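Below is one structure, written out as structure tokens, with a few remarks after it.
No lab work stands behind these numbers, since they all come straight from the coordinates. Worth saying up front: this structure is predicted, and the values here are computed from it rather than measured. Positions of Cβ are generated from backbone atoms using ideal geometry, with glycine treated the same way; all protein chains shown enter the neighbour counts.
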Amino acid sequence: MESVLVEVDGVTVRPAQGDSLLAAVRLAGVELPTLCHDDRLTPAGSCRACLVRSGGDIVAACVSPAVDGAVVEVAAGELQALRREAVQVIVAALPPRALDGGVDGRELARVCHEMGIAPQTAQGHGGRGRDDSHPYVHLDRDLCIACGRCVRMCNEVQGTFALTLTGRGADTVVAPGTGGPWAESDCVACGGCVDTCPTGALTEPGLPLGGPAAAERTVTTCGYCGVGCSLEVLTRDDQVAAVLPDHNGPVNRGHACVKGRFAHGFLGSPERLTRPLLRRDGRLEPVTWKEALEYIARGLRDAVAAGGPDAVAAISSARATNEENYLAQKFMRVAIGTNNIDNCSRLCHAPSSAGLIAAFGLSGGTDTFDDVETADCLLVVGANPVEAHPVVGARLLQKVLRGTRLIVADPRTVGLARYADVHLRPRPGTNVALFHGLAHTLWAEGLADEEFLRRRADGLPELLDLLTGYPPDRVEALTGVPAEDLVAVARLYGRAERPAIIYGLGVTEHLHGTDGVRALANLAILRGAVGTERGFGINPLRGQNNVQGASDMGALPDILPGYGKVTDPLARARAEHVWGAPVPTRPGMRIPEMFAAARAGTLKALWIMGEDVCATDPDGTRVAEALDACSLVVCQELFLSQTAQRAHVVLPVASWLEKDGTFVNFDRRFQRVRPALTPPGEAKTDFAIVHAMASALDVDLGCRTPAEALAECGRVAPLFAGVSHERLDREGAVAWPCPDSDCPGEAKLYKERFATPDGRAKLAACPYLPPGESPDDHYPVILVTGRRWAHYNSGGMTRRTDNIRLDGTDRLDVHPADAARYGLRDGHPVTVESRRGRATLTVKLSDEMVPGQVFCAFHFPSSGVNILTSAHADTITSCPEYKVTAVRLAPVPGTAAKRSQ
């Protein structure tokens, strides 16, 4: 980037072209007060606290451009007096408490302390009142200086547009844009307004204005979704005082969502498990670790004796660190002698892994999110990042508001869809037909990159033969998407200079989810938009915090660390050399197969690490039957979940804020996880528990520390050989592949060749096949399940925080026409029944839906949502078909509305 030459009080500096005078002054080592300015926001220049002289004029440095040859005065006494006067005018209208804390107070108090402005300058009497209705954001109107930083933060960073400035003159104050209490507003509690407020008008309850005194600060990676936000955890007396977004975070850049920022109250919940529990006479009772481990060891030995090593299985955790997942899969293969290990990616992104490996060679998105964000056309498919990945959703929305073209394909009007150039609403389960229709038009209108296809891809003749059967009019009949919209989207994507595809579980959680991923990948290949500078490929948004890493570490029945196949002699030999033990040659059982084997009596022992399978897995009644059939179920958990309640042994574990290790986020970045607290009572990290279980079986797994485990993983898996704790502590984040310590990590994949055996991308000619369930006269409505912004997964953590005040019930989103048809009333209970079971939810009338489709989340296990979902699963990976469940609706007796005639 070109720079300009600026002189600041005799010091020559070179700010970038387009920078402000404020940036130039800072380069000269001078700090100016900036009460209306935040570097993340557009400058306002309203407080006049950063006045300087440039070109003979007195100007606000934050809004004045730094031009080549500018001469800037800052230190002159006249300028200092003007800046001091500007701040004094602001302070004079505030009550004295505005300057509480002095140098340790909020920004305004610190500025006054540095300028020598006495506390008695604040002579305002207040009386404008407070709004303490929200659990995480409190408003003291008397301290508001109408700087607008909070409003701009909400608009320009978060993209919620929930705040405004109301009133006139000195009475101007921030307020929710909808009027009424803050808790009833559109605020999504990202905390950005609190973080930017310079006066303390907006605060986090219980947090002193300047932050906790003498607090210890720990930088770690968020343990909620897969975005990988970097957070600064402030602790005092081994308690969390606050969690703040890390301004150096590579993905979040000083931003956060309600979960990472505020939802840490579960740590101190009285329901936290702090001692091992053992089932005796049908009841779980506290025991010592020695008793629990001896019981587990006997049970595992008995299971192996009765049915061989394959009578034991384990479900690892996408909530656990890479090192814990690595150790868990090593335990199963070395200590037990079976490949029966799987993780929850089976339920969400197993089709991504299979589809992306088949198309390109590696199991991960093709580009880093930093690159995706520079695309000029975004195709967002089957994902709702505004709610499920809020920091990503906010960054995408800001790009769209600045002119990036947006296409959304989703049955619902999800958050980004309201800003889309075109919103496609395919019938659930028809993705493959939709993607083939787009591919048909790309080719028919000459928008494919034929040179790229000749040089770098295979399978074009077969695909073109298939695509003759998917013209826009036939695709309209299959999907319900108007042919003209299909053509418009193909042209938008095909004519873009730098298109990118982002997708979520709406693509994968289907009977033909892997085909969906491959058909979607076809678009990037046809366009020549993968591995080139002409686009940013295809990138999945991962759900849980370490769902990418759990699979990277080999916690899969057919895959070793680094995606070597257990059937590959070379991959096995590499692992056997490092581990000093044989690796079983036959792939193990997937999660659904584990449950089936347990019900059949061939699986005797099941070890579940941090997953509430009774609440999150499909056809929950059959899952419970499987657990009841096992002679040993071991569960590691924070709380006594539905799954833990059925276990024989329950082991108390540390949370993500109490662990050491690493996570891998959705765009393949390794990042450090550091313990800010010690686990409560006798709780241990999963890493320590796996070691303890191995010791109880007289097996030494090595890898005494998480750092050693990651280093050993690098010897087994060349993809990760260049990643270490030491390097991450120094550099912050490293993307894989990273084969050696001198490699920077490949943020953008496939620039030279694809990772397939012949180095070429593979187009897929997979025909459209219908979903596993379809509506009929008995079950006429399609249920789609997903997530909401305030909660996470089965809600085990978030329901034990004040997030429950923001979203306290499991509700069913219903189109008003369906509500009238089935006699349902907004806010009243509804019975939802499928071919497998029945659940009771609360009706929420919503124009996001189309008639014939309803939506709910699964954050409240007591509602029984996953009793409804079917055992239909992706034919290639066994990922459940969560997105298509045929149901019928009925009001709970006594609550029916007048039915439409």
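Some values worked out for this structure:
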read-out: Chain lengthening between H577 and H125 when straightened (0.36 nm per residue, less Cα-Cα); value: 155.2 nm
read-out: Set K290/K604; K290/K684; K330/K565; K565/K883 screened for pairs whose C-alpha atoms are more than 20 Å apart; value: K290/K604; K565/K883
read-out: All-pairs Cα distance distribution in segment 218-317, expressed in whole percent, bin size 10 Å; value: 13, 26, 22, 22, 16, 1
read-out: Degrees separating the helix 483-495 axis from the principal Cα axis of the chain, which is the longest one; value: 70
read-out: Distance between segment 816-842 and segment 159-212 - C-alpha centres, whole angstrom; value: 37
read-out: Mean separation of Cα contacts under 8 Å (6+ apart) over length of the chain, as relative contact order %; value: 13
read-out: Additional length obtainable on full extension of the chain from L5 to R495, 0.36 nm per residue less Cα span; value: 172.4 nm
read-out: Acute angle (nearest 10 degrees) that the helix 390-401 long axis makes with the longest principal axis of the chain, alpha-carbon atoms; value: 60
read-out: Rounded Å value of the spacing that divides the Cα centres of segment 89-105 and segment 374-448; value: 47
read-out: Separation of alpha-carbon centers, segment 619-662 and segment 29-49, rounded to whole Å; value: 51
read-out: Prolate/oblate/rounded label for segment 403-452 (Cα gyration tensor, a/c 1.5); value: oblate
read-out: Rounded, prolate or oblate (a/c below 1.5 giving rounded, otherwise prolate when a/b exceeds b/c) for segment 6-92 by Cα gyration tensor; value: oblate
read-out: Principal axis dimensions, largest first and in whole angstrom, of segment 378-462 by Cα; value: 40, 29, 21
read-out: Three principal axis lengths of segment 634-680 [C-alpha, angstrom, descending]; value: 36, 25, 13
read-out: Of L697, G504, V111, farthest towards positive along the dipole that unit charges on Lys, Arg, Asp, Glu beta carbons give the chain; value: L697
read-out: Among 368-381, 28-41, 311-324, 348-361, the order from most to least packed when residues are scored by Cβ within 10 Å on average; value: 311-324, 348-361, 368-381, 28-41
read-out: Segment 124-268, relative contact order in percent, only Cα pairs under 8 angstrom and at least six apart counted; value: 19
read-out: Principal axis dimensions, largest first and in whole angstrom, of segment 803-890 by Cα; value: 40, 32, 23
read-out: Cα centre as origin, Lys/Arg/Asp/Glu Cβ charges: the chain dipole, Debye; value: 1320
read-out: Scaled radius of gyration (Cα, divided by 2.2 N^0.38 Å) that segment 124-268 gives; value: 1.05
read-out: Helix-only mean residue ellipticity at 222 nm for the chain, each DSSP H run of n ≥ 4 adding -39500 (n - 2.57), per residue, nearest 500; value: -8000 deg cm²/dmol
read-out: Principal-axis tilt of helix 289-307 within the chain, Cα atoms, nearest 10 degrees; value: 40
read-out: Net length gained if the chain between D186 and T42 were fully extended (0.36 nm per residue, minus Cα distance); value: 49.6 nm
read-out: Dimensionless Rg over Rh [the chain; C-alpha; Kirkwood]; value: 0.98
